[in-house]
Amino acid sequence: MDQIWREARAFQQWVRTGEIPASTASDISKEEASPRPLKLVPINLDLTGALNTLRQCKVNIVCVAPGLREIRVGLEKFPKTREKDSLPTGTASNHAIRYHEIKTPQIAFPTASILFSHANALRHGYYPCGSSISIANKIATGTVGCLVQKDDVLYGLTNNHVTGLFSHNRVGMPILGPGLMDVSPENIDPFVIGHHTRGIAWTPGTSDNVSIEDNLDLAIFRIKNENSVTSFQGHHYDTPTKIANTADLFKRDLPNVKVKKVGRTTGLTSGWLFGKAGGEFEVRIKDPDFTSSIYFNDMFAITDDSSGKPFALPGDSGSLVVRDNNGTLEAVGIVFAISPRTMITHVMPIEVVLDRLGVTLVGDHNVSPTNGP
């Protein structure tokens, strides 16, 4: 593991405990030489004053940036100039430390319906990925991210909080497309796209009290009629079956990674990979059915591009994020949370998603014209 990942974890531990660890022992393989301890610069830094400032501003996330040369620290409240000047600017390993205002990530549902014509809702008569879905008896609406397969059975993939009812939905419960919030005389008639099959459980609480290592926000539902859906993402591109793993995305010669997604609320948007969390961070869930804080480990963060359009908004939960790698699309991850007003979208790495569910991505499914469902 590169030194910068250990430094990001050590920085986060310092903020939490007030102690700078010499290393993160669990991250060190037997083949690696003894790691260097975390040393912050400037060398005359007032550690106590810096720590007080960081705690007052509340550190929400610590990321390693693409290119492996910068640690990015997300703060609930950005410090005043004098306070900011008292913070560490880097490490002795020549890794910069930059500070950004990033609000506490939230899981939230849309509050307004969207309108789409019959032509836009279907592609060649099929219901595409990137479209609106919900539980049949709940108005909370999100996005079907992609189609996946296991043992020759076709499933839709999304978030637990979209179709799993925070792990309280009954197996076999119908899932609608479009979701209930988007049902209107102007939109296509809702139909049963599938039935809830499985939600990945999560454990509320901090890592001091519970194990958070397996926390993911995932659910799958079995597709009712394989001839009613397509693997195409909206009207834009097919779901890629090739994945971009973390090692591919974080290389020293790759400081900028552009990504895109298709979602229920914002449609096709593009953004940039902001970083990967070097450890745990809190996500707040505020819903009538479930209110809590869940802690997640090692997720991706995406920032908006310069178009002025948000990469994701409530209702885009479950969307599949992809990147174009020299003309070949690769799956990056699944949207699950947003830091409001601060242009950051939080994404579960696709390699972790597929491994946990034991499924594979499906592409080239019903991409040719037909009469539809």
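Taken together, the values in this text are just the output of simple stated rules run on the coordinates, not laboratory data. Note that the coordinates shown come from a computational prediction; the quantities given were computed from them, not determined experimentally. Backbone-built Cβ (ideal geometry, glycine too); neighbour counts: all protein chains shown.
With the crude spin-label approximation of a point 7 Å out along Cα→Cβ, what separation in nm comes out for K39 versus T360?
5.0
Treating each Cα of the range 264-325 as an identical point scatterer and ignoring solvent, apply the Debye formula and state log10 I(q)/I(0) at q = 0.12 Å⁻¹.
-0.39
Modelled label-to-label distance, S211 and S307, 7 Å Cα→beta-carbon offset: nm?
4.2
For the range 107-172, what does the alpha-carbon gyration tensor say about shape, rounded, prolate or oblate, given a ≥ b ≥ c as the root eigenvalues, a/c under 1.5 as rounded, and a/b over b/c as prolate?
The shape class here is oblate.
Taking a point 7 angstrom from the Cα of A112 along the C-beta vector, which residues in the range 172-191 have backbone N less than 15 Å away?
Taking a point 7 Å out along Cα→Cβ of A112, the residues of the range 172-191 whose backbone N falls under 15 Å are 182.
Using the alpha-carbon centroid of each, what span in Å lies between the range 312-330 and the range 75-146?
Rounded to whole Å, the Cα centres lie 12 Å apart.
Note the angle between two axes, namely the Cα long axis of helix 3-17 and the longest principal axis of the Cα atoms of the chain, as a number of degrees from 0 to 90, rounded to the nearest 10.
It is inclined by approximately 80 degrees.
Assuming a viscosity of 0.692 mPa s and a temperature of 37 °C, what translational diffusion coefficient in µm² per second does Stokes-Einstein assign to the range 31-175, Rh being the Kirkwood radius over Cα pairs?
165
Tell me the relative contact order for the range 116-214 as a rounded percent, counting alpha carbon contacts under 8 Å between residues six or more apart.
RCO, the range 116-214: 26 percent.
Helix 47-57 against the longest principal axis of the chain: what's the angle in degrees, Cα atoms only, rounded to the nearest 10?
30
Assuming 0.36 nm per residue, please report the length gained on full extension of the stretch V367 to E19 beyond their Cα-Cα distance.
Length difference between fully extended and current span is 119.7 nm.
Can you figure out the FRET efficiency of R98 with K150, using R₀ = 51 Å and their beta-carbon distance, to the nearest 0.05?
It comes out at approximately 0.80.
Please state the relative contact order of the chain as a whole percent: Cα pairs under 8 Å, 6+ residues apart?
The value is 19 percent.
Determine the shape class of the range 140-265: with a ≥ b ≥ c the square roots of the Cα gyration tensor eigenvalues, call it rounded for a/c under 1.5, and otherwise prolate if a/b is greater than b/c, oblate otherwise.
oblate
Using Cα positions and a limit of under 18 Å, work out the aspartates and glutamates in reach of K260, with same-chain residues fewer than 8 apart set aside.
Reachable aspartates and glutamates: D238, D248, D304, D305, D316, D324, E330, E351.
Percent of Cα-Cα pairs per 5 Å bin, from 0 to the last occupied bin, for the range 254-359, please list those.
2, 12, 22, 25, 21, 12, 4, 1, 0
Tell me the label-point distance for the pair A247, N120, using the 7 Å Cα-to-Cβ offset, in nm and rounded to one decimal.
4.3
In whole percent, what relative contact order does the range 131-187 give with Cα contacts below 8 Å and a gap of six or more residues?
That works out to 46 percent.
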